[in-house]
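The values are calculated or read from the model by the stated rules, or taken from the named source; none is laboratory data. Keep in mind the model is a prediction, meaning the values are calculated, not measured. Note that each Cβ is placed from the backbone with ideal geometry, even for glycine, and that neighbours are counted across all protein chains shown.
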Amino acid sequence: MILVTYRTSGGLALGVRTARGILDVGAACQRLGCEEVPHGVDQFLAAGLDALEPLARLADRAREHADLFLVESTLVLGPPVPRPGKIICVGLNYRAHSAEINMAAPAHPVLFSKFGNAIAGPGEPVRLPAAAEQYDYEAELVVVIGRRARRVAAGEALDYVLGYCNGNDLSARDLQMRTSQWLLGKTLDGFLPIGPYLVTRDEVPDPQNLGIRLWLNGELRQSSNTRSMIFPVAELVAYASQYLTLEPGDIIATGTPEGVIMGLPEKVWLKPGDRVTVEIDGLGRLENELVAGE
């Protein structure tokens, strides 16, 4: 399934993207009855993998009710995971990226965090505050956890994944490199746009064979494939789960390939008015405009 959230007067609503349009899950539940489907966005993500089968049955039953489907272009989509419990990011996970910024490829996954304030949705303007100058982009595959994972083996790790989405790990490099800890430059407000869709794992048979691309104002800047990851998705989920329990709705941003501004000989940093577009095979296109902040 392909899942979305969209904005209503009552907050974010859950939808399923289909050939007929976006199924209004809440309206379908009211019309058809679905006590087993957690149709609120937060409730659905908390249920994770357990909610997929009942939701699929609801979508099948709803096919004969045309008025339950909305036209996607009329909706304002939100982030598919609006309030993740944990945001785990992975640094230096592509060798060519490590090389371009003159850092050694790691022997173990480099994990750091962002906070929930960093989440932004597709099409949402992202503010660049005056407190920094060296703004950069990072196209990333984002993994959404679907059930509790603690000390899982790599061979079983993908069984704990709910799905995948595009992400842009925006970074203020001058703040990031001010100290040995990267957090400050990584978790400014809106600095992790994700979306537009959450594509469930059954639709992504091999997360290590996905083209990943980023455009800045229409110019292709990053073009790679997730097979170039040093640590693949399964290893990242397994590794993180050895040290902290992953819960449904947690997300892992799996690192960026080469092509970031920080790695260029002449660095023209992001500025207000720039548009950044991220596209990963099968996951749609995530686009955000950068605007001036305070």
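When the residues of the stretch 148-177 are narrowed to those that are within 19 Å of Glu203 (Cα to Cα) and among the aliphatic types (A, V, I, L, M), which ends up surrounded by the fewest Cβ atoms within 10 Å (Cβ to Cβ)?
So the residue we want is Leu158.
Kindly list, by first and then second residue, each pair from a residue in the stretch 220-231 that is surrounded by fewer than 16 Cβ atoms within 10 Å (Cβ to Cβ) and at pLDDT 95 or above to a residue that is part of a strand (DSSP E or B) and not aliphatic (A, V, I, L, M), limited to pairs with Cβ atoms under 6 Å and residues at least 6 apart or on different chains.
Between residues of the stretch 220-231 that are surrounded by fewer than 16 Cβ atoms within 10 Å (Cβ to Cβ) and at pLDDT 95 or above and residues that are part of a strand (DSSP E or B) and not aliphatic (A, V, I, L, M), the close pairs are Ser223/Arg213.
Based on what the data block shows, is Leu77 within 14 Å of the chain's Cα centre (by Cα), buried (at least 16 other Cβ atoms within 10 Å of the Cβ) and under 19 Å from Gly190 (Cα atoms)?
When the stated conditions are applied, Leu77 passes them.
Tell me, which residue of the stretch 23-51 that is of a type in the set (D, E, K, R) and either buried (at least 21 other Cβ atoms within 10 Å of the Cβ) or under 22 Å from the mean Cα position of the chain (by Cα) (or both) is farthest from Arg147 (Cα to Cα)?
Asp24
Read through the list (1) more than 29 Å from Gln242 (Cβ to Cβ); (2) at pLDDT below 95; (3) not polar (S, T, N, Q), then give the number of the only condition that Asp174 fails.
(2)
Of the residues in the stretch 1-41, how many are in a helix (DSSP H, G or I) and basic (Lys, Arg)?
1
Restricting attention to the stretch 178-202, and to residues there that are buried (at least 16 other Cβ atoms within 10 Å of the Cβ) and of a type in the set (Gly, Ala, Ser), which single residue is nearest to Asp159 (Cα to Cα)?
Gly195
Tell me yes or no: at least one residue of the stretch 14-22 is charged (D, E, K, R), farther than 18 Å from Tyr197 by Cβ, surrounded by fewer than 22 Cβ atoms within 10 Å (Cβ to Cβ) and modelled with pLDDT of 95 or more.
Checked against the condition, which is being charged (D, E, K, R), farther than 18 Å from Tyr197 by Cβ, surrounded by fewer than 22 Cβ atoms within 10 Å (Cβ to Cβ) and modelled with pLDDT of 95 or more, the stretch 14-22 yields no hits at all.
Glu100 versus (1) buried (at least 21 other Cβ atoms within 10 Å of the Cβ); (2) charged (D, E, K, R); (3) closer than 21 Å to Val276 by Cα: which is the lone unmet condition?
Only one criterion is unmet by Glu100, namely (1).
With the requirement that a residue be of a type in the set (A, V, I, L, M, F, W, C) and farther than 25 Å from Gly146 by Cβ, what does the stretch 192-216 give you?
Scanning the stretch 192-216 gives Leu214, Trp215, Leu216.
Would you please name the residue that is surrounded by the most Cβ atoms within 10 Å (Cβ to Cβ), looking only at residues in the stretch 125-147 that are of a type in the set (D, E, K, R) and touching a helix residue (DSSP H, G or I) at 6+ places or on another chain (Cβ under 8 Å)?
If we take residues in the stretch 125-147 being of a type in the set (D, E, K, R) and touching a helix residue (DSSP H, G or I) at 6+ places or on another chain (Cβ under 8 Å), then Asp136 is surrounded by the most Cβ atoms within 10 Å (Cβ to Cβ).
Which of the numbered conditions does Phe44 fail, given that it passes all the others? Conditions: (1) assigned to a loop (DSSP other than H, G, I, E, B); (2) more than 21 Å from Val260 (Cα to Cα).
All conditions pass for Phe44, except number (1).
Which one is nearest to Leu214 (Cα to Cα) among residues in the stretch 239-264 that are surrounded by fewer than 24 Cβ atoms within 10 Å (Cβ to Cβ) and touching a Gly at 6+ places or on another chain (Cβ under 8 Å)?
Result: Gly249.
Please report, ordered by residue number, the strands (runs of 3 or more DSSP E) entirely within the stretch 181-294 with at least 3 residues that are of a type in the set (Val, Ile, Thr) and under 13 Å from Cys165 (Cα atoms).
The qualifying strands (runs of 3 or more DSSP E) are 192-200.
Looking only at the stretch 52-71, which residues are loosely packed, with under 13 Cβ neighbours inside 10 Å and over 24 Å from Leu162 (Cα atoms)?
Glu64, Ala66, Asp67, Val71
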